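Shown next, in structure tokens, is the structure this report addresses.
Since every read-out is calculated from the coordinates, none of them should be taken as a lab result. Bear in mind that the values here come from a model prediction, so they are computed numbers and not experimental data. Counting neighbours? That spans all protein chains shown, and the Cβs are built from the backbone with ideal geometry, glycine included.
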Amino acid sequence: MGTIQSAMFAQGYLRANERADNCKHCVHVEVDYGGAGQNYAPRLICKIGGFMVTAFGRCDRHQEPPK
């Protein structure tokens, strides 16, 4: 048996931040840079529901941007 990395690669394993089917990669999400300071973390806002989402969240209306 090989390394853990080779086993992960063999079965097509993706970490949460490597998946494309999440809010971070959705056309319905806009980034709110509302804070002016260096310590402000931008927020992701769903344009459909009007609520804040997490980068790795996902819903049934997810749509990838055109390539």
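Observations
- The Rg/Rh ratio of the chain, with Rg taken over Cα atoms and Rh as the Kirkwood radius over Cα pairs, comes to 1.13.
- 15 Å beta-carbon shell around ARG15, net charge (K/R +1, D/E -1): +1
- A simple count of charges around HIS25, restricted to other residues whose Cβ falls under 12 Å of its Cβ and scoring Lys, Arg +1 and Asp, Glu -1, yields +1.
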